[in-house]
Amino acid sequence: MVVALNNVNHALEAIPNAYQTALAQYDRAVQHLDIDDNVIEYMRWPRREFTVNFPVRRDDGRVEMFTGYRVHHSTVLGPSKGGIRYSLDVTLDEVRALAMWMTWKCALVQLPYGGAKGGVLVDPKSMSQAELERLTRRYASELIPLMSPHADIPAPDMGTNPQMMAWIMDTYSMTVGYSVPAVVTGKPVNVGGSLGRNEATGRGVIVCMVEALKRQGYTDKENIRIVIQGFGNVGSHAAAYAHDLGYKVTAVSDVNGGIHNPNGLDIPAVRKYYAENRMLKDFPGADNVTNAELLVLPCDVLVPAAMEGQITRNNAPNIKAKMIVEGANGPTTPEADDILDDRGIYLVPDILANAGGVIVSYFEWVQDLQAFFWDEEEVYRQLQRILLRSYDTTANMAEKHGVTMRMAAQMSAIERVGKALMTRGFYP
Ligand code: GLU
């Protein structure tokens, strides 16, 4: 029996529309650029959008229908690249926004990729491992007409993990008849994944934070208090790396709320507690805080590493951080950007700060294509090199045009794609 479509969108009204944010950022950035109007219009549109409705058999024998998307925003600089998200908040507009941000992110850090994103409307926590495997394999098989190491290369995002990437790789490989590790990144290391990929996004956030602090003249790292929203793949690794480097992480949160200790949290103990209890609440020696309270805590650096639309015109006036380093994609709305800028809060934008993930995905793809694998030291050395070069490009652009780091990052990315498009020309 087939039951109703699983497309409940429970929190839609709470989250500002991400695609409107992405388009507003784009429209602002292109005003500062000298690019042909036809090129500006072309880059504003997703190249293709794919919607699939597909069945998954639940463990009790019922068959349930699910909806998934894959949007390719751009393939101008190379195959499209971007993660797959499993969440009940997924909408086509959200996927469009995330795909567009992938285009700018890859272009900013000079990877030979366009941008894409996928999403399935599902709460992965509501499924058994066997159900998740069937869902992932069926979604992957629906994407086969779009996917290949030279066309579109998925990766993990919110709600997905390395095991799911292994199922995607296996589904693709079984279909074509031979193993193709380069079709997806973020895989486990034993099936062609890269060392350092899991940690890469969180680590990259902190590499950018350290660079930002240095450039802003902060020297005493023991006195830098960092607040991190989100304790998933980005937030937890960012917290761990910041702690290892000797910074004080004073608050962290997950979807259910967070914990705060103004003297600094023992992050290894927090990670252990989280692994055992699947929540942060009631961690000994810290106060519980809500996510709304966490964003406005007194601190030096705020790292929103949860999801889009968290810093809005409503809370931006109350943020006490001196600096924001965006671990999530699109956590700040354009209105909030203006408020933060007026208030002199320095912001390192998402497409730079969280690019570590896709940079190491690129290393993974290169290693798979060459069948030659690097050690962890090499991965981190190359990651640092690319991030610092991209930071420099962005900071120079910001200085040259007298604009914010967000504007500068968008401008240099859009300019790069626009110039390549002009060189290639319009087909036919
Ligand atoms: N989902 C990650 C992002 O938003 C990584 C994408 C990738 O590695 O392709 O950047």
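Per residue, the accessible area of the range 147-216 comes to 35 Å², computed with a 1.4 Å probe over protein heavy atoms only.
Remark: spin-label model distance Asn53-Lys221 equals 5.3 nm, labels positioned 7 Å along the Cα→Cβ axis.
Take the cross-link list Lys322/Lys419; Lys125/Lys187; Lys105/Lys214; Lys81/Lys320; Lys281/Lys322; Lys187/Lys322 and give me the ones stretching past 32 Å between alpha-carbons. In this structure, Lys322/Lys419; Lys81/Lys320; Lys187/Lys322 lie more than 32 Å apart at Cα. Treat each spin label as a single point 7 Å out from the Cα along the C-beta direction, and report the Ala130 to Asn288 distance in nm. Result: 3.6 nm between the two label points. Near the amide H of Val252, within less than 5 Å, lie the amide hydrogens of Ile228, Ile259, all on another chain or at least 5 residues away, with H placed in the peptide plane. Taking a ≥ b ≥ c as the square roots of the eigenvalues of the Cα gyration tensor, the chain is classed as rounded, since a/c falls below 1.5. Each of Met147, Leu295, Pro428 was scored by the projection of its Cα onto the charge dipole of the chain, and the greatest displacement toward the positive side belongs to Pro428; charges sit on the C-beta of Lys, Arg, Asp and Glu.
Restricting the range 230-290 to trypsin sites (Lys or Arg not before Pro) that sit in a DSSP loop and have at most 11 other Cβ atoms within 10 Å of their own Cβ leaves Arg278. Across the range 128-139, rounded Karplus estimates of 3J(HN,Hα) from the backbone phi angles (6.51 cos²θ - 1.76 cosθ + 1.60, θ = phi - 60°) give 6, 4, 5, 5, 4, 5, 5, 4, 5, 5, 5, 4 Hz, Gly and Pro being marked x.
Once the Cβ-Cβ distance of Asp93 and Asn261 is raised to the sixth power relative to R0 = 45 Å, the FRET efficiency obtained is 0.75.
Counting every Cα pair in the range 201-322, what percent are over 25 Å apart? Distances greater than 25 Å cover 15 percent of the Cα pairs. Restriction of the chymotrypsin sites (Phe, Trp or Tyr not before Pro) in the range 159-243 to DSSP coil positions whose beta-carbon has at most 15 other beta-carbons within 10 angstrom yields Tyr178. Phi angles across the range 355-368 convert, under the Karplus curve 6.51 cos²θ - 1.76 cosθ + 1.60 with θ = phi - 60°, into 3J(HN,Hα) values of 6, x, x, 6, 5, 6, 4, 4, 4, 4, 4, 4, 4, 5 Hz, Gly and Pro given as x. The range 390-428 and the range 111-181 have Cα centres lying 31 Å from one another. Let me know the shape class of the range 147-231, please: from the alpha-carbon gyration tensor, a ≥ b ≥ c as square roots of the eigenvalues, rounded when a/c is under 1.5, otherwise prolate if a/b is greater than b/c, or oblate. Verdict is prolate for the range 147-231.
The values are calculated or read from the model by the stated rules, or taken from the named source; none is laboratory data. What you see is a predicted model; the values in this text were computed from it and never measured. Cβ: placed from backbone, ideal geometry, glycine included. Neighbour counts: every protein chain shown. Surface areas here come from the heavy atoms of the whole protein model, side chains and all, with no ligands, DNA or RNA. Shrake-Rupley method; radii C 1.70, N 1.55, O 1.52, S 1.80 Å.
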